[in-house]
Ligand code: GH3
Ligand code: MG
Ligand code: MG
């Protein structure tokens with residue numbers, strides 16, 4: 001199931017809130033609402049932080065390379081301050097950028113899960129501003145006649161921050177405003193800035209900032225929606241598998257008693273028999289039938305009969321010792337137990353224990369011809385790996401024959417089917 005997280009690694013479900021409803025609310029939110037519903041927002045930030053750090057690092061190394069490659073442009077357009085540019089780009093900004101990129105993971109962990117105070121975003125923002133300031137200082141120092149055209153470099157920086165680095169929208173706004181401000185101050189401080197170039201670069205920068213911010217918003221919104229859809233899918237898969245598991249459980253258990261039903265028993269027996277044959281082991285099957293149950297129903301009524309069957313099933317279940325042994329309702333008032341790796345002696349012991357357990361329930365049965373309480377008769381059969389097929393059916397009919405003998409012998413007793421011939425008295 002999807003759960004909502006505050007801070008990784010702890011997962012905290014939001015009390016009283018239904019995650020599916022939160023996801024649907026997020027998907028239906030208005031165009032202007034970027035933030036996901038409370039709780040989901042934190043989970044989104046927490047889930048996406050690793051991918052964001054990775055993206056920041058990849059695009060950061062690429063940007064650092066481009067930033068230094070712009071020395072070529074410095075050489076062409078601001079050659080009078082070329083060596084200062086080398087110092088600023090390679091000696092000041094690059095070590096700062098490299099240190100951040102190498103430690104991005106550790107730095108990001110500091111701000112993990114704390115929403116806006118996300119170190120990874122702050123680092124990207126500060127690096128972007130750092131690059132902006134570097135360019136501004138180079139332009140401010142240079143007296144080259146081409147330097148006015150070099151203001152187009154701010155466009156590159158804005159496009160990088162808003163579209164390549166994909167700063168989160170609030171950070172993208174702060175970043176764009178910062179670049180515009182630095183550029184504005186730079187233009188104001190530059191003497192004799194030709195007004196045609198000044199107006200056009202300011203306008204171009206403004207429009208570029210506006211367009212890239214719109215694109216940034218749309219990108220972030222699409223990313224968040226994709227996240228919500230993926231969460232909804234995961235949630236649905238979880239719900240379906242839970243339902244499926246529940247259905248499987250239901251399809252395998254008996255409605256009245258809760259123990260395994262006949263279908264499950266048959267599959268289980270087939271499987272157990274195959275395994276037993278393959279491993280040369282032994283397997284025993286016990287069939288139990290409540291004695292004079294028709295009379296019980298007649299005397300105490302059908303609902304009491306149902307309750308009696310429930311109690312018998314519980315007693316049988318509780319009396320099994322090995323976790324792999326399985327009790328199932330075979331039908332009506334008949335139960336079966338599959339005992340893996342149990343030889344004839346173990347089966348006889350278990351059968352007697354089950355018989356006593358039912359008797360010990362002390363459920364009054366005045367109509368019984370063999371006791372004054374509810375009792376069962378048990379027939380057992382053991383499969384030794386001698387390889388005749390179909391073994392499961394044979395085992396069942398053997399156990400049934402032994403049960404028949406137990407009934408014939410007076411009920412409330414155990415009989416075992418012996419391979420050599422006729423059933424004999426059990427334990
Ligand atoms: P025996 O000792 O030979 O086994 O006699 P019996 O009366 O137990 O056997 P019989 O086959 O004559 O009767 C079984 C009865 O079990 C008849 C049927 O009404 C009852 N029965 C079968 N399934 C259920 C059930 O789900 N609930 C209840 N209350 N009775 C059931
Ligand atoms: Mg019966
Ligand atoms: Mg019966």
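Read-outs: derived from the displayed coordinates by stated rules, not from any lab. The shown structure was predicted, so the numbers you read here are calculated from the model rather than taken from an experiment. Heads up, the Cβs are rebuilt from the backbone with ideal geometry, glycines too, and the neighbour counts pull from every protein chain shown.
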>> Can you give me the distance in nm between label points at residue 181 and residue 98, each placed 7 Å from the Cα along the Cα-to-Cβ direction?
In response: 3.1 nm
>> Between the stretch 219-288 and the stretch 14-55, how far is it from one alpha carbon centroid to the other, in angstrom?
In response: 32 Å
>> Using only Cα atoms and rounding to the nearest 10 degrees, what angle (0 to 90) does helix 391-408 make with the longest principal axis of the chain?
In response: 40 degrees
> Once label points are set 7 Å from the Cα along Cα→Cβ at both residue 24 and residue 141, what is their separation, rounded to one decimal in nm?
Replying inline: 6.2 nm
> If the chain between residue 87 and residue 246 were fully stretched, how many nm would it gain, using 0.36 nm times the residue separation less the Cα-Cα distance?
Replying inline: 50.4 nm
> Could the peptides 197-204, 180-187 be put in order, highest first, of the mean number of other beta-carbon atoms found within 10 Å of their residues?
Replying inline: 180-187, 197-204
> So, how do all the Cα-to-Cα distances of the chain break down into 20 Å bins, in percent, from 0 on up?
Replying inline: 20, 26, 17, 18, 14, 4, 0
>> Please list the three semi-axes, largest first and in whole Å, of the ellipsoid equivalent to the stretch 150-197, using sqrt of 5 times the eigenvalues of its alpha carbon gyration tensor.
In response: 24, 11, 6
> Where both partners of a DSSP beta bridge lie in the chain, what percent of those bridges are antiparallel, to the nearest 5?
Replying inline: 85 percent
> Between the helical axis of 169-189 and the dominant principal axis of the chain, each derived from Cα atoms, what acute angle in degrees is found, rounded to the nearest 10?
Replying inline: 10 degrees
> Can you give the extra length, in nm with one decimal, that the chain gains between residue 280 and residue 225 once fully stretched, where that is 0.36 nm per residue apart less the Cα-Cα distance?
Replying inline: 14.0 nm
> Which FRET efficiency value, to the nearest 0.05, do you get for residue 384 and residue 54 by plugging their Cβ-Cβ distance into 1/(1 + (r/R0)^6) with R0 = 60 Å?
Replying inline: 0.45
>> Under the 0.36 nm per residue contour assumption, what length would be gained going from the current alpha-carbon distance of residue 190 and residue 295 to full extension?
In response: 26.8 nm
>> On the Cα set of the stretch 258-325, report Rg and Dmax in Å, please.
In response: 15.6, 49
